[in-house]
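Rule-based calculations on the coordinates, nothing more; no lab input. Just so it is clear, the model here is predicted, and its values are computed rather than measured. So basically every Cβ, Gly included, is an ideal-geometry build from the backbone, and we count neighbours across all protein chains shown.
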Amino acid sequence: MRGANRPGGAVDGYLRAVGLLSRAAGVFAAGLIAFGVLVICDMVIERYLLGRDTVWQIDVVTYCVVAATFIGSAYVLKTRGHVNVDVLPLHVGPRVRFWLALATGLLALAFCVVLFVLGSLYWHEAWANNWRSDTVWRARLWIPYAAMPVGLGLLVLQYVAELICLVTGRTPPFGIGADRLRE
Amino acid sequence: MSPTQEGALVLIVTLAMLLSGVPVAFGLGAVSIVFLLIFQGFDALQVVAETFYSGLNEFTLVSIPMFVMMGAAIGSSPAGKDLYEALDRWLYRLPGGLVISNLGACAIFAALTGSSPACCAAIGKMGIPEMRRRGYPDDIATGSICAGGTLGILIPPSITFILYGIATETSIGRLFLAGVLPGLLLTGLFMLWTLFIIWKRGFRTHAPDFRYSWREKFQSIPKIAPFLAIIVGVIYVLYGGVATPSEAAGVGAALCVTLAVVIYRMWRAKDWWLILRDTMRESVMILTIIAAAVLFGYVLTSLYLTQTLAQAVADMHVNRWVLMGIINLFLLVCGFFIPPAAIILMTSPILYPIIRAAGFDPVWFGVILTINMEVGLIHPPVGLNIYIVNSIAPDVPVTRVMWGTIPYVLCMFLAIVILSVFPEIATWLPNHLMGAVR
């Protein structure tokens with residue numbers, strides 16, 4: 001594609017758009033965790049102070065944390081928060097490090113794509129069969145399950161962006177560059 | 001291929017995958033899917049999404065982001081600095097008081113956060129420059145903070161204990177209690193060593209005429225008292241049978257954020273975002289590894305690898321302490337390379353039946369496992385705390401920090417030996433407060 005690498009070209013547009021999406025997802029995921037804290041406080045007040053039974057709180061807070069995990073994953077990838085063991089990448093030459101980063105990136109992307117497809121099928125099954133939770137609340141499960149395809153879809157987009165940045169030299173392999181030379 | 005050969009293949013490929021630099025969660029997930037495809041065919045993939053999701057769909061896991069938020073709220077506020085200052089003002093007259101203040105602050109901070117890097121960064125930011133300013137050698141100043149920081153995962157609340165509790169279905173409350181006395185033992189050993197070495201090299205204290213007034217001493221209390229009250233509150237709620245760990249952690253997180261806002265005036269949107277962002281990043285990282293580890297555990301179990309390995313070890317008929325020595329060595333080597341969360345989630349399902357069969361108490365083993373993980377945090381090549389300290393004091397060479405941590409690694413080995421000879425140090429408190437198991 002001619003001109004795809006020019007500043008303002010298709011590649012930059014994709015990277016910017018995905019970056020924005022991941023950031024928005026990160027803010028949303030952080031909001032879900034904050035909401036979870038409030039729900040727990042509500043549950044503790046209702047159950048222990050007011051002596052009432054709680055019906056929906058445990059389900060909601062658990063679904064919030066699970067959803068935050070899937071939806072926030074792209075932002076965490078973008079900010080290099082998914083922990084890895086970088087002993088080998090730190091001790092090989094730049095060329096080997098590049099190919100290692102490309103190979104591991106492609107492998108991780110393949111895993112995310114497979115999980116995205118399987119997660120979408122799982123969500124569709126829950127939606128088509130109107131699955132309900134086996135708790136007192138009887139939640140419609142397609143709603144919490146939607147976090148899996150949505151989050152993994154964002155993660156796939158972000159992984160593609162990471163690989164583009166790696167191949168075009170926008171970011172160094174494994175982020176090991178001038179800023180990460182530790183010794 | 002026999003189950004033993006399959007097991008060896010899976011373990012070697014998994015280790016190679018993790019060392020390649022791929023994010024741990026995605027590497028574990030990829031290995032799991034590949035082995036499911038190879039050994040059980042395409043149909044086996046049907047369970048992957050359900051297993052991955054249900055691995056996270058547990059109310060107990062909610063405690064992880066909540067405890068992380070407690071640490072993040074306190075870590076992003078100047079509470080660590082105040083805690084350190086308060087202890088220094090009260091202990092400055094003691095010989096080596098500064099080091100005791102540092103390690104004591106680490107231990108107290110550990111009781112507010114379940115994470116070692118958070119503990120190391122919060123106290124180190126204040127403690128390291130101050131120790132260096134007063135002429136302490138660089139290796140002692142940095143090494144003691146690296147080591148003190150590791151107490152974060154031993155003194156409750158501890159993310160490591162939550163993960164171990166979930167992976168082995170051991171009571172998290174019992175594990176938390178089991179960490180208290182060993183945490184104090186390790187703090188004591190760290191203090192003793194540091195006092196010894198600075199005595200040998202010559203004490204550095206405040207100038208002889210330097211004094212904090214009583215007013216200055218008492219001024220330091222109001223800022224830290226509420227955080228200490230939260231520690232006591234969370235402990236009471238957990239062990240008074242009032243609420244579950246997730247509920248205690250949720251309320252603790254809300255209170256810590258509120259106090260950070262009220263005491264340190266952190267009400268700007270940027271302050272809130274920093275707390276939430278750090279909480280989200282660390283929680284998502286840990287929870288994604290958990291989901292992948294549950295999938296990996298499913299593969300190990302469905303291929304009968306866990307059972308085969310446990311049986312193979314049982315058939316060796318070695319002395320149980322030799323076995324424990326081998327397990328410790330295995331965990332230490334893993335800890336040199338792999339982050340604690342991944343090690344615990346990957347190895348616990350394999351090690352748990354082995355240690356039960358050998359007659360060890362799983363709660364006691366949780367403590368031993370955690371101390372092993374602490375070694376990995378301050379031991380090269382991964383040694384996360386070393387790099388955190390390096391970012392606080394970039395002019396101290398990493399090799400000097402590493403040499404500074406070695407004596408503390410030896411203190412941890414000594415703690416493991418003491419705990420092996422006197423397992424009651426770990427088991428007495430949970431058995432006393434919660435009743436003996438079976």
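Expressed as a fraction of 2.2 N^0.38 Å, the C-alpha radius of gyration for chain B is 1.00.
Per-residue shielding of B:285-294, expressed as the average number of other chain Cβ atoms within 10 Å of the residue Cβ, stands at 4. Taking every C-alpha pair closer than 8 Å and separated by at least 6 residues, the mean separation divided by the residue count of the range B:319-427 gives a relative contact order of 27 percent.
For B:Leu274 and B:Asp315, a Förster radius of 35 Å and the Cβ-Cβ distance give a FRET efficiency of 0.05, rounded to the nearest 0.05.
In vacuum, with every alpha carbon of the range B:1-55 counted as one equal point scatterer, what does the Debye formula give for log10 I(q)/I(0) at q = 0.21, 0.25, 0.28, 0.31 Å⁻¹? Two decimals, please. Scattering profile of the range B:1-55, log10 relative to I(0): -0.87, -1.06, -1.12, -1.16. With Cα atoms as the point set, the radius of gyration and Dmax of the range B:233-282 evaluate to 12.9, 37 Å. A cut-off of 5 Å between modelled amide H atoms, ignoring neighbours fewer than 5 places along the same chain, links A:Asn84 with B:Val24. Using the Cβ-Cβ distance between B:Ser54 and B:Asp395 with R0 set to 45 Å, the FRET efficiency works out to roughly 0.35. Spatially, the range A:18-37 and the range B:154-205 are offset by 34 Å when compared through their Cα centroids. Residues whose amide H comes within less than 5 Å of that of A:Arg132, counting only those at least five positions distant or on another chain, are A:Leu141 (H built at 1.01 Å from N in the peptide plane).
Measuring nothing but how far apart in sequence close Cα pairs (under 8 Å, 6+ apart) lie, relative to its length, chain B scores a relative contact order of 26 percent.
Working from label points 7 Å from Cα in the Cα-to-Cβ sense, the A:Leu102 to B:Gln40 distance is 3.5 nm. Ranked by the mean number of other Cβ atoms within 10 Å per residue, highest first, peptides B:13-20, A:114-121, B:39-46, A:9-16 order as A:114-121, B:13-20, A:9-16, B:39-46. The alpha carbon centroids of the range B:336-383 and the range B:291-308 are separated by 17 Å. Dimensions of chain A from C-alpha coordinates, computed as largest minus smallest value along each principal axis and given longest first, are 63, 42, 30 Å.
Site pair A:Arg170 and A:Val113 shows an inter-label distance of 2.0 nm when each label is modelled 7 Å from Cα along Cα→Cβ. Sparse packing (at most 15 other Cβ atoms within 10 Å of the Cβ) combined with a DSSP loop state is found for the following trypsin sites (Lys or Arg not before Pro) in the range B:247-293: B:Arg265, B:Arg268. Neighbouring Cβ atoms from other chains, within 10 Å of the Cβ of residues in B:42-55, number 4 on average. Model label sites at B:Val322 and A:Leu163, defined 7 Å from Cα along the beta-carbon direction, differ in position by 5.0 nm. Spatial offset of the range A:94-172 relative to the range B:38-116 amounts to 27 Å, using the alpha carbon center of each. Most tightly packed first, judged by the mean number of other beta-carbon atoms within 10 Å of their residues, the peptides A:84-97, B:344-357, B:211-224 read B:344-357, A:84-97, B:211-224. Highest mean first, the peptides A:124-137, B:67-80 sorted by other C-beta atoms within 10 Å per residue fall in the order B:67-80, A:124-137. I want the local charge near B:Phe59. Using Cβ-Cβ distances under 10 Å, sum +1 for each Lys or Arg and -1 for each Asp or Glu among the other residues. Summing Lys/Arg as +1 and Asp/Glu as -1 gives -3. The trypsin sites (Lys or Arg not before Pro) of the range B:34-127 that meet both conditions, a loop assignment by DSSP and at most 12 other Cβ atoms within 10 Å of the site Cβ, are B:Arg93. Evaluated over the protein assembly as shown, the count of Lys pairs having alpha-carbon atoms less than 27 Å apart is 11 (only pairs 8 or more residues apart or interchain). Hey, quick one: spin label on B:Ala229, modelled 7 Å out along Cα-Cβ, who in the range B:253-269 has an amide N within reach, i.e. under 11 Å? Only B:259 fall inside the zone, counting backbone N under 11 Å. Normalising the average separation of contacting C-alpha pairs (under 8 angstrom, six or more residues apart) by the number of residues puts the relative contact order of the range B:1-102 at 11 percent. Classify the protein assembly as shown: rounded, prolate or oblate, from the alpha-carbon gyration tensor (a ≥ b ≥ c, eigenvalue square roots; a/c under 1.5 rounded; otherwise prolate if a/b is larger than b/c)? Since a/c stays below 1.5, the shape of the protein assembly as shown is classed as rounded.
Whole-Hz ³J(HN,Hα) for each residue in the range B:243-254, computed from phi via Karplus 6.51 cos²θ - 1.76 cosθ + 1.60 with θ = phi - 60°, x for glycine and proline: what do you get? My calculation for the range B:243-254 gives 8, 7, x, 5, 5, 4, 5, x, 5, x, 4, 4 Hz in order.
Would you tell me the mean number of C-beta atoms belonging to other protein chains that fall within 10 Å of each C-beta in A:35-42, as a whole number? Intermediate results must be reported in sequence, preceding the final value.
Working: counts 0, 7, 13, 2, 2, 15, 6, 1.
Averaged over the peptide's residues, the number is 6.
Projecting the Cα atoms of B:Cys120, B:Pro137, B:Leu61 onto the dipole axis of the range B:1-155, where Lys and Arg carry +1 and Asp and Glu carry -1 at the beta carbon, places B:Pro137 farthest toward the positive end.
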